Amino acid sequence: MRKLLIASLLTLPFVAEAAPPKTVALVVQNMTCGICPITVKKSLEKVPGVSDIQINFTKRTATVTYDPDNTKPEALTAATTSAGYPSTVQK
């Protein structure tokens with residue numbers, strides 16, 4: 001029981017230090033039809049740490065909320081590029 005209590009106490013600081021989610025907008029190329037946003041969304045869903053994806057077909061953007069402890073914007077752009085839709089972080 002004591003070992004369990006000590007182990008639990010040791011993990012508390014790590015939970016408290018978790019970074020808040022971040023959101024980034026990606027400018028996505030090659031989205032030309034109604035199926036394209038679905039493919040882009042599916043490619044982003046495979047990236048660990050992604051929690052929300054909003055695709056705007058008209059503006060050719062993907063707004064992605066992610067855990068910065070698990071992924072980086074470079075991984076997001078790599079995912080869309082691998083699916084045939086090169087993207088860059090919107091500035």
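For the reader, a short list of remarks on this structure follows.
- Look at the range 24-36: where a residue is under 11 Å from residue 60 (Cα atoms) and touching a residue at least 24 places away in the same chain (Cβ under 8 Å) and a partner is charged (D, E, K, R) and assigned to a loop (DSSP other than H, G, I, E, B), sitting 6+ places away or on another chain with Cβ atoms under 6 Å, you get 28/60; 31/60.
- Within the range 38-49, considering residues that are farther than 11 Å from residue 76 by Cβ and in contact (Cβ under 8 Å) with a residue 24 or more places away in the chain, the one surrounded by the fewest Cβ atoms within 10 Å (Cβ to Cβ): 42
Only the coordinates and a few stated rules stand behind these numbers; no lab work does. No experiment lies behind these values; they were computed from the predicted model shown. Counting neighbours? That spans all protein chains shown, and the Cβs are built from the backbone with ideal geometry, glycine included.
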